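Q: Sharing a structure, written as structure tokens. Questions coming.
No lab work stands behind these numbers, since they all come straight from the coordinates. In this text the structure is predicted, and so the values were computed from the model without any measurement. Positions of Cβ are backbone-derived with ideal geometry, glycine not excepted, and every protein chain shown enters the neighbour counts.
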Amino acid sequence: MTNKKIINALKNIKNDVPPIWLMRQAGRFLPEYREVREHLGSFLNLCYSPKDAAEVTLQPVRRFGFDAAIIFSDILVIPDALGVDVSFVQGEGPKLSPIQSAQDIKKLDVDKVISHLNPVFEALKLTKEHLPESAALIGFAGAPWTVSTYMIEGGGSKDFSTTKKFVFENPKLYQELQEILIQATSLYLIEQIKSGAEVIQLFDSWSGVLAHEEFRDLVIKPAKKIVENIKKYSPDTPIIGFPKGAGFFYEEYIKEVPVDGVSIDYTVPLEWAAENLQPHVCVQGNLDPVILATSQELIRKRAREIKDILGNGRFIFNLGHGILPYTPIENVELLVDIVRNE
Ligand code: CP3
């Protein structure tokens, strides 16, 4: 047994109380984050400024005593490191120079990824020095499918039709892009572990828009390769997969991808997860972030339900997706108290 509850849960060691952290906990909803962010101008500047990135990584742990810190960065630093133009326009979300042709893919340079992302590794080292011993440091990356949607669409999307069309019309080219993302992401995550990350989470935020065959080829296959690459280097580092919206395919995901934990979104029924996922992996989730931004009664009711049904097995309390920017601080304080003390 370690004194890090998150690592116990992922390694199937029993905790007295479930560990808790919240996806996207570093940033947006915290006044102390907004202050740092204002001084630094652009979002990527903050990601690449090790001291400030470490500071905003530690802020939510200091304020709420969470059981983990997730390194402050973004899934789109990988396209940035590969040479794509990436910018974050306030109020509009990310903008990227879109990948449209074989030439665009040829220009992507995996060799520069590690040196370009050195500030993230420095931020991890600094964070580790100041993190309380009971908290685990989580490194992360976006999975190839989700990252490729931003690269092909040139930003966010509602239906991902440009990316899907690209996959169906140019399967060979898409495979080249996927291979580049598998390599870059594996190297990046291994370097995060070398820099102090104790747990890895792989975010596949848009895996829920794919039919079965595409889910296998675009979500499961690359996740399996990345997790295997990491496990070759560091067999003991626990890995959490988050194929958000996978629904019916969650079961296949955990059978095929050798993850230690799976993060479930808020659509997954608790009893079903307890019966079909929890015997095989640690389950993380799954309070709807909108509920966390509503009333204390509703938060209490749903948080207790989740804890009652999943709390007896391998479990990490979390949201079913990232925390919303307008979430009241006192609701987060209440949630931590409910999970630990009720
Ligand atoms: O606590 C943390 O999790 C902080 C680190 C983190 C960020 N983004 C910081 C961020 C993490 C883990 C992410 C993951 C991420 N980024 C995902 C996967 C998880 C998910 O929510 O589905 C995705 C799809 C992105 C892409 C992205 N980055 C978008 C769509 C946006 C704009 C909209 C938004 O969420 O604000 C970002 C910007 C971003 N990433 C911000 C932060 C704090 C806001 C930037 C700002 O301060 O202006």
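Q: Ranking request for peptides 317-328, 135-146, 247-258: highest mean number of other beta-carbon atoms within 10 Å first, then the rest in descending order.
A: The peptides rank, most packed first, as 135-146, 317-328, 247-258.
Q: How many angstrom lie between the C-alpha centres of region 271-342 and region 93-139?
A: 29
Q: List the residues, sorted by chain then number, that are 5 or more residues from residue 284 or on another chain and whose placed amide H is less than 5 Å from its amide H.
A: 262, 263, 264, 316
Q: Now, a different point. Is the C-alpha gyration tensor of region 134-280 telling us rounded, prolate or oblate? Criteria: a/c under 1.5 is rounded; beyond that, a/b larger than b/c is prolate, otherwise oblate.
A: Here region 134-280 falls in the oblate category.
Q: Among 99-112, 47-60, how do they line up from the highest to the lowest mean number of other beta-carbon atoms within 10 Å?
A: 47-60, 99-112
Q: Turning to a different aspect of this structure: Between residue 337 and residue 179, how many nm apart are label points set 7 Å from Cα along the C-beta direction?
A: Modelled inter-label distance: 5.6 nm.
Q: Okay, moving on. Using Cα pairs closer than 8 Å and at least 6 residues apart in sequence, work out the relative contact order for the chain, in percent.
A: 20 percent.
Q: Dipole of region 150-282, Cα-centred, from +1 at each Lys and Arg C-beta and -1 at each Asp and Glu C-beta, to the nearest 20 debye?
A: 300
Q: I would also like to ask the following. Based on Cβ point charges of +1 for Lys and Arg and -1 for Asp and Glu, what charge dipole magnitude is obtained for the chain about its Cα centre, in debye rounded to the nearest 20?
A: Dipole about the Cα centre, nearest 20: 340 debye.
Q: Follow-up. For residue 99, what charge total do you get from the other residues with a beta carbon under 10 Å from its beta carbon, if Lys and Arg give +1 and Asp and Glu give -1?
A: Once all neighbours under 10 Å are counted, the net charge is -1.
Q: Using only Cα atoms, figure out Rg for region 5-341 and give it as a multiple of 2.2 N^0.38 Å.
A: So region 5-341 has a normalised radius of gyration of 0.94.
Q: Calculate the dipole size of region 1-113 relative to its Cα centre from +1 charges on Lys and Arg beta carbons and -1 charges on Asp and Glu beta carbons; express the result in debye to the nearest 20.
A: Taking the Cα centre of region 1-113 as origin, the dipole is about 460 debye.
Q: Next question. Place +1 on the Cβ of every Lys and Arg and -1 on the Cβ of every Asp and Glu in the chain, take the dipole about the Cα centre, and give the residue among 6, 175, 23 whose Cα lies farthest towards its positive end.
A: Ranked along the dipole, the leading option is 6.
Q: For residue 100 and residue 45, compute 0.36 nm times the residue count separating them, minus their Cα-Cα distance, and round to one decimal in nm.
A: 17.1 nm
Q: Still on this model: Can you give the helix-only mean residue ellipticity at 222 nm for the chain, where every DSSP H stretch with n ≥ 4 adds -39500 (n - 2.57) and the sum goes over all residues, rounded to the nearest 500 deg cm²/dmol?
A: Value at 222 nm, helices only: -14000 deg cm²/dmol.
Q: State the answer as a single residue: which of 296, 312, 327 lies farthest towards the positive end of the charge dipole of region 273-342, with beta carbon charges of +1 for Lys and Arg and -1 for Asp and Glu, about the Cα centre.
A: 312
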